[in-house]
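Report on one structure; see the data block that follows.
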Amino acid sequence: MSRTELERSLRRQRDAGRKLLVPYVTGGLGPDWLLAAEAAAAAGADALEIGLPFSDPMIDGPVIQRASVAALASGATPAGILSAVSSVDLGIPVAVMTYYNIIARAGHKRMANLLAEAGVAGAIVPDLPVDEAEPWLAAAAAAGIETVLLAAPTTTDARLKEIVTRTRGFLYAVGLMGVTGERAELASTAADLAARCKEVTDVPVLVGVGISTPAQAAQVCAVADGVVVGSAVVHRLLDGEGPEGVSRLVGEFRTALDS
Amino acid sequence: MTAAFEVMREPAERGRFGDYGGRFVPESLVSACEELDRSFHKAWGDPHFRARLDSLLRYYGGRPTPVWECARLGDQLGIRLLLKREDLNHTGSHKLNNVIGQALLAEQMGKTRLVAETGAGQHGVATATAAALFGMECMVYMGAVDVERQELNVFRMRLLGAEVTAVESGSRTLKDAINEALRDWVATAATTHYCIGSVMGPHPYPFIVRELQRIVGEEARSQCREVLAGGDPDVVVCCVGGGSNAAGTFAGFVDTGARLVGVEAAGGAAMHNGVPGVVHGMRSMFLQDEDGQILEAESISAGLDYPGIGPEHAHLGKIGRAEYVDASDDEVLAAFRLLAETEGIIPALEPAHALAWVVREAGRSIPKGSAVLLTLSGRGDKDVALVMSRSARQPELDSEGRRP
Ligand SMILES: Cc1ncc(COP(=O)(O)O)c(C=O)c1O
């Protein structure tokens with residue numbers, strides 16, 4: 001497929017009054033992860049995050065850790081996952097989510113080109129804070145890859161200003177102080193941070209980490225432009241619910257966000 | 001090139017040691033790292049903080065530790081061999097220097113809880129000890145594989161009031177314990193200090209831990225001058241896991257003419273077999289595959305079972321101020337026995353790596369008559385059972401050359 005610009009696409013949806021939904025699927029997880037990605041796209045996602053698994057996923061909780069271990073054990077590689085992604089037309093923009101060592105090992109320019117050739121629009125690199133990001137941001141931009149930066153509840157106003165000027169695609173507002181994973185309650189930090197972000201940027205602000213249920217998504221979207229849903233999706237895959245389970249879950253999120 | 005005396009001072013901007021170091025952490029941890037950096041600089045320049053630390057290390061920890069000249073073993077090897085006796089610290093290793101400093105810092109920052117990673121359990125025991133001393137809560141993360149291998153240290157930590165969590169993720173060893181400690185810290189930084197065990201992790205940790213271990217090198221330098229009639233050693237050698245005992249020791253000798261040598265475990269030789277990478281918050285050298293997946297280290301000594309190395313060592317190696325070599329399990333076991341038999345000192349398996357290199361090189365790259373300072377970073381009690389089981393599996397030959 002031809003690359004869909006992540007930010008332009010998300011802005012268009014947002015400006016049309018739609019709340020944005022970005023599910024995450026660990027690349028290489030089980031035999032049908034790509035079918036699951038297609039199912040998520042068909043069930044109302046606005047963009048997709050595909051994980052390139054890393055051996056030491058330091059900011060991920062148990063669910064995505066387990067998925068990463070399983071994917072790597074079955075031989076998943078960045079090249080294999082990207083080749084699979086490039087073989088399908090998901091109809092919505094794709095961003096990869098990976099750790100910086102995967103990029104550093106390949107080389108900035110080489111990885112940026114690999115992503116672009118696979119039709120990937122964006123990259124999310126949670127262990128690459130804005131102060132260290134410049135070499136990658138330059139290589140990514142040169143290849144047309146939009147790098148999504150993250151803001152956290154403890155990010156100072158001065159840093160937030162820097163982050164919003166450098167982020168591309170969208171701004172990832174980390175909803176709570178902690179690792180990825182499902183939580184029973186929506187953290188109070190989620191809406192607070194989303195509001196702070198919305199005040200200083202016009203880039204779409206999506207809240208991720210700890211968004212586990214359609215109700216939580218709808219709640220935070222009173223302030224935020226959308227949500228990233230990771231562990232809740234991957235959990236379905238680990239439980240063997242397959243693409244149908246993912247389709248059902250993403251559909252429920254879509255319904256909650258649309259109503 | 002930077003003049004030698006400027007090496008091993010403040011890292012450059014953004015925590016850099018040349019190309020290495022840095023702060024590659026999730027945005028959620030940036031503010032905690034910044035707070036730590038500010039607090040450490042303030043404390044380190046504060047005479048009151050320094051006096052409290054000195055007093056704790058002296059009266060609680062047992063400093064200064066002596067330098068002992070091994071007359072018998074030195075004769076046998078044809079060199080002068082001096083041991084910096086960090087094994088005589090309370091809890092049995094140099095790890096105490098670091099944790100007492102970090103616990104004091106944590107107290108100043110108003111933190112009430114320490115988290116730590118541990119491999120063999122030495123750093124975990126030291127942290128649990130400091131937590132008990134300071135009346136803090138303590139959580140130690142330890143790979144599930146190591147929990148099984150190091151039952152006794154797990155019990156020690158619990159005796160000291162710490163909670164020990166067996167880490168089941170990834171390869172279930174030290175690198176995974178570090179990930180888990182970082183995950184804990186992301187969620188708890190408001191009340192918790194991450195007491196990292198070596199000169200690794202995001203800036204400012206490699207700098208803080210080196211400064212807290214600098215006392216080893218500074219003491220050793222003046223002690224060596226007493227023994228060597230005002231001279232400095234020709235060779236300074238230490239084992240390297242993350243590299244804290246080596247960094248502290250080297251800091252005392254980097255501006256002398258001494259040859260600085262770090263000895264890694266052959267199965268964890270990040271300097272030899274690794275390539276540059278970014279893991280655990282730092283750019284350094286790591287064992288990894290073509291895609292950037294981190295590989296497991298494998299060594300008889302759990303304390304050296306780390307697939308990376310502290311960033312300042314990567315830098316010292318790159319500029320040629322220090323050299324990094326490795327020793328095999330078999331050489332290490334032989335050196336372990338040799339020190340016990342000739343000097344009456346049972347070393348930890350970690351510093352036995354440094355000795356194994358000295359035994360191999362004496363009369364070769366270490367000329368006869370050289371003065372060698374070796375940091376004996378810990379005592380061997382923790383390893384006796386392991387060495388016993390290794391010996392049982394490979395019994396010595398009897399007088400007729402058969403296995404009994
Ligand atoms: C006695 C001893 N020496 C050395 C080490 C390795 O650590 P470092 O390289 O930071 O000195 C350990 C780690 O557990 C240890 O217990």
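The values are calculated or read from the model by the stated rules, or taken from the named source; none is laboratory data. In this text, all values refer to a predicted model and were calculated from it rather than measured experimentally. Note: ideal-geometry Cβ built from the backbone for every residue, glycine included; neighbour counts use all protein chains shown. Surface accessibility is based on the protein's heavy atoms, side chains included, excluding ligands, DNA and RNA. Shrake-Rupley method; radii C 1.70, N 1.55, O 1.52, S 1.80 Å.
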Karplus 3J(HN,Hα) series, Hz, for the stretch A:34-49 with 6.51 cos²θ - 1.76 cosθ + 1.60 (x for Gly, Pro): 6, 5, 5, 5, 5, 5, 5, 4, 6, 8, x, 6, 9, 7, 10, 9
Computed accessible area, residue B:249, all protein chains, 1.4 angstrom probe, square angstrom: 0
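Considering only protein heavy atoms, what per residue accessible area in square angstrom results for chain A with a 1.4 angstrom probe?
Values: 9070 Å² over 259 residues.
Heavy-atom SASA per residue in chain A reads 35 Å².
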Largest-first ordering by accessible area, 1.4 Å probe, given options B:176, A:192: A:192, B:176
Gyration tensor verdict on the stretch B:42-187 (Cα atoms; rounded if a/c is under 1.5, prolate if a/b is larger than b/c, oblate otherwise): oblate
Drop in accessible area of at least 20 Å² in the complex versus isolated chain, residues of the stretch B:9-31, 1.4 Å probe: B:14, B:23, B:24, B:25, B:26, B:27, B:28, B:30, B:31
Label point distance in nm, residue B:388-residue A:192, each placed 7 Å from Cα along Cα→Cβ: 5.5
For chain B: rounded, prolate or oblate by the Cα gyration tensor [a/c cutoff 1.5]: rounded
About the Cα centre, charge dipole magnitude for chain B (Lys/Arg +1, Asp/Glu -1 at Cβ), debye: 880
29 Å Cα-Cα reach of residue A:198 towards lysines, excluding residues that sit fewer than 8 places from it in its own chain: A:19, A:161
Spin-label model distance (nm) - residue B:158 vs residue B:137, 7 Å beyond Cα toward Cβ: 2.0
Ellipticity estimate at 222 nm from DSSP helix runs (n ≥ 4, -39,500 (n - 2.57)) divided over chain B, nearest 500: -13500 deg cm²/dmol
Average beta carbon contacts from partner chains per residue of B:117-129, 10 Å cutoff: 0
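How long are the semi-axes of the equivalent ellipsoid of the protein assembly as shown, defined as square roots of 5 times the Cα gyration tensor eigenvalues? Whole Å, largest first. Kindly include the intermediate steps, with their values, before the conclusion.
Working: eigenvalues 461, 127, 101 Å².
Rounded to whole Å, the semi-axes are 48, 25, 22.
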The stretch A:6-258 - Rg (one decimal) and Dmax (whole number), Cα, Å: 16.3, 45
Max mean-square fluctuation residue, GNM over chain A, Cα-Cα springs under 10 Å, options A:138, A:191, A:224: A:138
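Find, among the GluC sites (Glu not before Pro) in the stretch B:123-168, those assigned to loop by DSSP (not H, G, I, E, B) with at most 15 other beta-carbon atoms within 10 angstrom. Walk me through the numbers before you get to the answer.
Values: sites: B:137, B:148, B:151, B:163, B:168; in loops: B:168.
Counting only loop positions with at most 15 other Cβ atoms within 10 Å, the GluC sites (Glu not before Pro) in the stretch B:123-168 are B:168.
How big is the charge dipole of chain A about its Cα centre, in debye rounded to the nearest 20, if each Lys and Arg gets +1 on its Cβ and each Asp and Glu gets -1 on its Cβ? Let's see the in-between values first.
Working: 21 positive and 29 negative charges, 67 e Å.
So the dipole magnitude of chain A works out to roughly 320 debye.
Kindly compute the accessible surface that chains B and A hide from a 1.4 Å probe when together, both sides summed, and give it to the nearest 100 Å². Intermediate values should be presented prior to the final figure.
Working: alone 16110 and 10500 Å², together 23790 Å².
For B against A, buried area totals roughly 2800 Å².
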Å² of accessible area per residue within chain B, as computed with a 1.4 Å probe and no ligands counted: 36
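Shielding by partners for A:53-64, please: the mean number of other protein chain Cβ atoms within 10 Å of each residue's Cβ. Spell out each step's value before the answer.
On the way: counts 2, 5, 15, 16, 4, 15, 9, 3, 3, 3, 0, 0.
Per residue, the number of nearby Cβ atoms from other chains is 6 on average.
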Per-residue average of Cβ from other chains inside 10 Å of B:171-184: 3
